1. Across the stretch 115-134, what is the number of residues that are more than 14 Å from the ligand (Cβ to nearest atom) and either acidic (Asp, Glu) or surrounded by fewer than 18 Cβ atoms within 10 Å (Cβ to Cβ) (or both)?
2. Suppose we filter ASP71, ASP95, ASP104 for residues that are over 16 Å from GLU14 (Cα atoms), within 16 Å of the ligand (Cβ to nearest atom) and within 17 Å of the chain's Cα centre (by Cα); which single one remains?
3. Cβ-Cβ under 8 Å, sequence separation 6+ or interchain: first residue in the stretch 138-154 and in a helix (DSSP H, G or I), partner among the basic types (Lys, Arg). Which pairs?
4. Condition first: within 16 Å of the ligand (Cβ to nearest atom) and outside any strand (DSSP E or B). Now tell me which residues in the stretch 1-20 satisfy that.
Amino acid sequence: MKILAIGAHPDDIEAGCSGTLAKYARNGHDIYMLIMTEGHMGGEGSTRKKEQKRSAKILKPRELIWGGYKDTLLTPHMNQMVHDIEVVLKKIAPDFIFVHYEDDTHQDHRALAKATISATRYVRNVLFYEGPTTQNFSPAVFVDIRETLDDKVAMLHGTLFTGSEDQYRGCINNGHRPLFSRLSRNPGTGPVRGGFRSTASVYQYLTVLLKVKIQTAK
Ligand SMILES: [Zn+2]
């Protein structure tokens, strides 16, 4: 399968769904990454670009695509972004797409989620991932990432994650080490966060509502 992960800045994909992507990659699926900005507000753009490439070495994406937009300035370019994402979709024809959730305190994340929703209007299997600045997120799909959690940690280190210590712990959670990438298609459905730290109930599942199968094995 072809898996496309879309993020506004270097480190977003790593924080949001890299454990799941690593699982796909290990099972021989093709990973594509689309990153809209170099994230220069969180550090020198060229440095962050290099870091992103280093982190991508773990996933070995077929392609790492840069959107070429300026950090924090995605909102004014909504129509262009929709078009650019459509071009990427046409070229790759992904089976699954992962992107930010639209309720987020960062304007770039909000804008990119909205642009992706428009660009993927005829595409199935679009899943939202949660990051440190996501709001009101009620995950409905959980993927067991025990086997790739170390990869996720390595990727977050590789990108010099720019969030706070608390946010970092939210992604990795040193104490509890959450075992799931949290992904949601439909807010308000399915179990909420309370369950995700439970090590006793590690399994993959999906809701009937979703009608998509998160299958990482070949
Ligand atoms: Zn970001």
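1. Adding up the residues that qualify gives 6.
2. Just one listed residue meets the conditions, ASP104.
3. GLU147/LYS23; GLU147/ARG26; THR148/LYS23; THR148/ARG26; LEU149/ARG177
4. ALA8, HIS9, PRO10, ASP11, ASP12, ILE13, GLU14, ALA15, GLY16, CYS17, SER18, listed by residue number.
A short reminder: the numbers here are calculations on the coordinates, not readings from a lab. If you're wondering where the values come from, they're calculated on a predicted model, not measured in any experiment. Virtual Cβ from ideal backbone geometry, glycine too; neighbours counted across all protein chains shown.
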